[in-house]
Amino acid sequence: MLCVATALAQDHTQDQPKGSEMRPPFSWFKKEKPPSSDGLESVRSLFSKFRRIQKLNTRVLEKISEMERALGGEYIFDRAFIESSVLELGKIVYQVVYSLNAMAGNRYANLFDRFQAIRGSLEDILGGGLGPYAQNLTLSYNLLSWDLEPLAGAFNVCAAEAGNSLGFPAPAGFAVTTEGCRLLMESGFDASADREFPPELKRSVLRETEALLERKGGPVLFTVIACPAGNRREDGPEVEGVKDVQAGDILPAMAEALQEYVQKGGRCPEGSDASVALAVQETVQAFLTGSVSSVPAPEYPAGLFRIKATPVNLPNCMETYLVRRTYPYGLLQSEIRPKNPGTDIYPGMSPLSKTGERLFRGSALLEPGFLKAVAECAATVERILGQSFELHWARGGGDRPVITGASLLANREDPATCEPYGSPGDAQVLFRGGETVQAGVAAGRTALISDDPDLRKIPYGAIGIARTASPNLSSILPRVSALVTEVGSSIGHLAAIARELRVPAIFGARGVLERVAEGIEVTVDTGERAIYEGIVEPLLACRDHGTELYPDDPEYIVLRRLLRWIMPLALIDPESSAFSVENCRTFHDLAHFAHEKSVEELLNIQDRGRSLTGLKARKLDLKVPVELFILDLGGGLTARSGSTVSADEITSVPFKAFVRGLEVRQMWDQSPVPLKLKDIVSGLDRTYSAMSRTGAYAGRNHAIIAANYMNVGLRLGYHFSVIDCYLGENVNQNYVYFRFVGGLAEENQRRRRAGLIASILEGLRFKTFIRGDLVTGKLKIAETSEISAALTYLGELTAFTRQLDLVMKSDETATRLLGEFSERSTPGEDRRKERPRA
């Protein structure tokens, strides 16, 4: 057994002649270039470009937010607003792409090609076109969104959006577009003549069919049904389509479905504004089918939903239910057909059968819970469409309806009258404040949502209340009827998704978690930035008023179509292999990609090696056994600072917070630790390899700082860590990136230390990743106080974990040390109230 004294954990430069650094074996044979005289200027230039990308990204998000708010009805807009917005946004995004390439040495030059392709799509739409998909003969449901209704019809688009964006059960499928149907009709669409099919249409349909079968992993029966397209509102013919179609029979089924549509009075005139598409979707194995639509009701100002249900095996036994159009969607009236008590209406349901409590269950087709589920789906779709519709659903074995499609209806006059903003009357205000992200009114029970939400615990229709407007909350937006967060602003990623789904939202509502309890009924008026106790009927009755433009207005249609190529963000996870230039589909994708890659450039600044070695750095006089040298880009130190500086002379906001934790003495364990020979052998190769990758610059601990920025690279013992942080007034720009790797002990001990570090980071709300002994953590979109507290904890963590791999002999040791870190940590005034969880 060997003992290693404290010096092993300190900077190895302390044990070497001045100016020398530990190098891998035989590295002296390599010829090194002299350090660049303008190294500091190159770093300053790099940081300047990074700040430019940050500022440009803020402008991108602000412009997208402005366009989204216009679409949401916050103010009136016209054609001139649309054209000027697209022009200005294009100029800003181009500068973002240019700045990233200037920062990264043109490694992302192909990002210009993606920019040009997206800009070309926007110019086509402004010119009256439908965008890149206009000539497609088929479109997978994975590609469909509301703006493509003129190509695919409302039936297809609703089924696709239900599954893609709203999280409802929905069938897989694809649309044969209006262009595809035009080709089919021109060929005569003889259902019995496969040879008459246009070759290009046949190839496209077969390709979509094969792709769907591959996704489903086996045989699928299809339903093919014709649906009006082009924002058709007049009542079309009742068509059943062709059901239970084998994959090999889809082509003749398409012709048969079109013939049925025409024979029953469906009109297929020329022109893209009034045409027909086909839905080809997997057949839902259901025992009930039905529809739901909104109807006016003078006695209920907010209106009602009419829900129809029909057993598949009893098509003449339709029942009708009227439920409230607002939470809690109470049943008001029903028309129940008489049934034979001895006959099953559908599996598991026979009239007047006894329940487990030996009570009779009744004979209605739909129980209250399922009626509520149907109403919740309808309310969500209505919120997004903003116009009258009939939603089609089916019921199989689940407790929620499967959304199969929708038909647009002619708008009906709502007899209800109210002021533009309904009066809450005497309703008690529970909270007021924050920033309106998406205007609207909603009611429901409150649900407190964590940063890593469990969807199973969030009921549909809930009023979500969260601490931070984290992108992680995107998945809950289809479920909630409104969202309120303490931290966040109207220009973040979550705000964009909330507006896309038209979910009423308030961000930056500081103190709402203390003022509003979980599980109570409230009404939220996001336009007035207020939360009221209970269900406030006058507000709910007027929730749809105040929007000057409606979804069928030409300007609205164009703006929605444009935003498809501007607003959505598909590139969310930088750790994913899909996070690439090729997958940038929108301006938002381009801006987000550039931001993440610019941060990555700074995160790796310590790897610049020899170009920085000769720079004049100031030594930081610390009260703990570690040497740290500072490169000040400007604003990081006081003007009087000399070659050696004290902690009091630090003016960099993030670095000052980090040093505060680094100097906590009780975190620096000076006792010797046991070290076996196999620990040294297992660590040497990997350590030398890591050092050779980081360059000569890794021989000293350096901090590159500015007024609101720091990048600290540390080598303590045989591990390496990098902390990169920007901390300013804009919450959406604040971030901390942390990276830790290495150690001298054997693999299992290093892995345990990695797990310990990840647990501490997760207690600070970091999103963490572990690969072997490599730990990365990210904390983004957080207030100044939280980032500052996290940095101080990271300073303490740096000291606490420097030699822990050598003592991590068991999982029990890791658990004990996690608690020990929490006990040793000394909270200050700017710390989080909650410490890392032991």
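Could you identify the single residue in ALA498, ALA530, ALA509 that is open to solvent by less than 10 Å² (accessible area, probe 1.4 Å) and at pLDDT below 90? So that I can check it myself, show each step before the final result.
Values: ALA530 fails: at pLDDT below 90; ALA509 fails: at pLDDT below 90.
The unique qualifying residue is ALA498.
Of the residues ALA443, ALA466, only one is of a type outside the set (Ser, Thr, Tyr), surrounded by 21 or more Cβ atoms within 10 Å (Cβ to Cβ), assigned to a strand (DSSP E or B) and without any contact (Cβ under 8 Å) to a residue 24 or more places away in the chain; which?
Values: ALA443 fails: without any contact (Cβ under 8 Å) to a residue 24 or more places away in the chain.
Only one candidate passes the filter, namely ALA466.
Tally the residues that are modelled with pLDDT of 80 or more and surrounded by fewer than 23 Cβ atoms within 10 Å (Cβ to Cβ), restricting the search to the stretch 735-750.
4
Output the number of residues of the stretch 619-663 satisfying the condition of being among the hydrophobic types (A, V, I, L, M, F, W, C) and part of a loop (DSSP other than H, G, I, E, B).
Residues meeting the conditions: 5.
Any residue at all in the stretch 141-148 that's modelled with pLDDT of 95 or more, farther than 19 Å from ARG560 by Cα and outside any helix (DSSP H, G or I)?
no
Would you point out which residue out of ARG445, ARG456, ARG432, ARG467 is touching a Ser or Thr at 6+ places or on another chain (Cβ under 9 Å) and basic (Lys, Arg)?
On inspection, the qualifying residue turns out to be ARG467.
Tell me yes or no: at least one residue of the stretch 192-201 is crowded, with 17+ Cβ neighbours inside 10 Å, touching a helix residue (DSSP H, G or I) at 6+ places or on another chain (Cβ under 7 Å) and within 30 Å of LEU477 (Cβ to Cβ).
No; the residues of the stretch 192-201 include none that is crowded, with 17+ Cβ neighbours inside 10 Å, touching a helix residue (DSSP H, G or I) at 6+ places or on another chain (Cβ under 7 Å) and within 30 Å of LEU477 (Cβ to Cβ).
Determine which single condition LYS243 fails, assuming it passes every other condition in (1) modelled with pLDDT under 90; (2) open to solvent by 60 Å² or more (accessible area, probe 1.4 Å); (3) outside any helix (DSSP H, G or I).
(1) is the only condition that LYS243 fails.
Looking at the stretch 425-466 only, could you name the residues that are aromatic (Phe, Trp, Tyr) and over 26 Å from ILE491 (Cβ atoms)?
TYR460 - this is the single residue of the stretch 425-466 that is aromatic (Phe, Trp, Tyr) and over 26 Å from ILE491 (Cβ atoms).
Please pick out the residue among PRO424, PRO478, PRO471, PRO459 that is surrounded by fewer than 21 Cβ atoms within 10 Å (Cβ to Cβ) and touching a Pro at 6+ places or on another chain (Cβ under 9 Å).
That would be PRO424, the only listed residue that is surrounded by fewer than 21 Cβ atoms within 10 Å (Cβ to Cβ) and touching a Pro at 6+ places or on another chain (Cβ under 9 Å).
Name the one entry in ALA160, ALA170 that is touching a residue at least 60 places away in the same chain (Cβ under 8 Å) and buried (at least 21 other Cβ atoms within 10 Å of the Cβ).
ALA170
Please go through the stretch 91-135 and pick out each residue that is open to solvent by less than 50 Å² (accessible area, probe 1.4 Å), touching a residue at least 60 places away in the same chain (Cβ under 8 Å) and in a loop (DSSP other than H, G, I, E, B).
Across the stretch 91-135, the qualifying residues are TYR108, LEU130, GLY131.
I'm trying to understand the selection: among the residues of the stretch 548-584, which are within 15 Å of the chain's Cα centre (by Cα), open to solvent by 40 Å² or more (accessible area, probe 1.4 Å) and at pLDDT 85 or above?
ALA578
Filter the stretch 748-787 down to the residues that are more than 30 Å from GLU486 (Cβ to Cβ) and within 19 Å of the chain's Cα centre (by Cα) and list them by number.
Result: no residue meets the conditions.
Out of the stretch 312-344, which residues are more than 19 Å from PRO296 (Cα to Cα), open to solvent by less than 70 Å² (accessible area, probe 1.4 Å) and at pLDDT 90 or above?
GLU319
Filter the stretch 751-775 for residues that are touching a residue at least 60 places away in the same chain (Cβ under 8 Å) and in a strand (DSSP E or B); which is surrounded by the most Cβ atoms within 10 Å (Cβ to Cβ)?
LYS767
Just give me the residues in the stretch 55-70 being among the hydrophobic types (A, V, I, L, M, F, W, C) and either free of Cβ contacts under 8 Å to residues at least 24 places away in the same chain or open to solvent by 10 Å² or more (accessible area, probe 1.4 Å) (or both), in sequence order.
LEU61, the sole residue that qualifies.
The values are calculated or read from the model by the stated rules, or taken from the named source; none is laboratory data. Predicted model only: the values in this text are computed from it and were never measured. Every residue, glycine among them, receives a Cβ derived from its backbone with ideal geometry; neighbour counts consider all protein chains shown. Side chains are part of the model used for accessible areas, which takes the heavy atoms of the whole protein and leaves out ligands, DNA and RNA. Shrake-Rupley method; radii C 1.70, N 1.55, O 1.52, S 1.80 Å.
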